[in-house]
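As structure tokens, the structure follows; a few thoughts come after it.
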Amino acid sequence: EGVSETEISTRYINAFLKVCDDAGCIDDIIHPKVTENIPEILSFIKGLVDNGHAYISGDDVYFRVRSVPTYGMLSNQKLDELESGARIDVNMQKEDPSDFTLWKKTSDEGIKWDSEFGSGRPGWHTECVVMINKIFGGVIDIHGGGVDLKFPHHENEIAQSMALNHNAI
């Protein structure tokens, strides 16, 4: 569309809030934005690297999925039964094809932040975990989204939270 990422996101945030208002939804007051939580996201990623649940490889930071023995508890997925490379090509920078990106180094013109991991952006799963931890103290009853988010998105969020909070048993 030839406009900035900020303009696109502002347009859709405003459209969503209008739909909620038109539907008579009660405004929950809390509307977190990733762009307002980058220091916490970077601290979270550093904590995972420091405790061995994440690693730096190539230009990016990855989460070690197999470092959490209960990975798959929500979706009943078994890591050894997943087919690597079926959806996207296997990234050879990863220790394991199931590992996922926490920080993606980038040199494109889009939104990015400087960090000890390089100029880049956080991974989607990490953004949600950090904002949940910050706003709700890490405990929530419901995390919205369709069933398509159960795996891998919500599964990856659970694993990161357990890993950083030392209850990955």
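The values are calculated or read from the model by the stated rules, or taken from the named source; none is laboratory data. Bear in mind that the values here come from a model prediction, so they are computed numbers and not experimental data. Cβ coordinates were reconstructed from backbone atoms using ideal geometry, including for glycine residues, and neighbour counts include every protein chain displayed. Keep in mind that these areas ignore ligands, DNA and RNA; they rest on the heavy atoms of the full protein, side chains included. Shrake-Rupley method; radii C 1.70, N 1.55, O 1.52, S 1.80 Å.
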Full-stretch length increase - residue 22, residue 165 - with 0.36 nm per residue and alpha-carbon distance subtracted: 47.5 nm
Select from 8, 20, 42 the residue farthest towards the positive end of the dipole of region 1-65; place +1 on Cβ of Lys and Arg, -1 on Cβ of Asp and Glu, and compute about the Cα centre. 42
So what is the accessible area of the chain per residue, in Å², with the probe set to 1.4 Å? 62 Å²
Cross-link partners among aspartates and glutamates for residue 134, C-alpha distance below 17 Å, same-chain residues fewer than 8 apart left out? 28, 36, 40, 157
Against the 2.2 N^0.38 Å scaling, with N counting residues, where does the chain land? I'd like the Cα-based Rg ratio to two decimal places. 1.10
Which links in 18/78; 104/150; 94/150; 78/112 stretch past 31 Å when you go from one Cα to the other? 18/78; 78/112
To the nearest 10 degrees, the tilt of helix 124-136 (Cα long axis) against the first principal axis of the alpha carbons of the chain is 70 degrees
Could you state how much accessible area residue 121 has, in square angstrom rounded to the nearest 10, with a 1.4 Å probe and all protein chains kept in place? 70 Å²
Using per-residue counts of other Cβ atoms within 10 Å, averaged over each peptide, order 46-59, 2-15 from highest down. 46-59, 2-15
Under a Cβ-only charge scheme (Lys and Arg +1, Asp and Glu -1), can you give me the dipole magnitude of the chain about the Cα centre, in debye to the nearest 20? 300 debye
Label zone at residue 11 (point 7 Å along Cα-to-Cβ), backbone N below 19 Å, region 17-38: 17-20
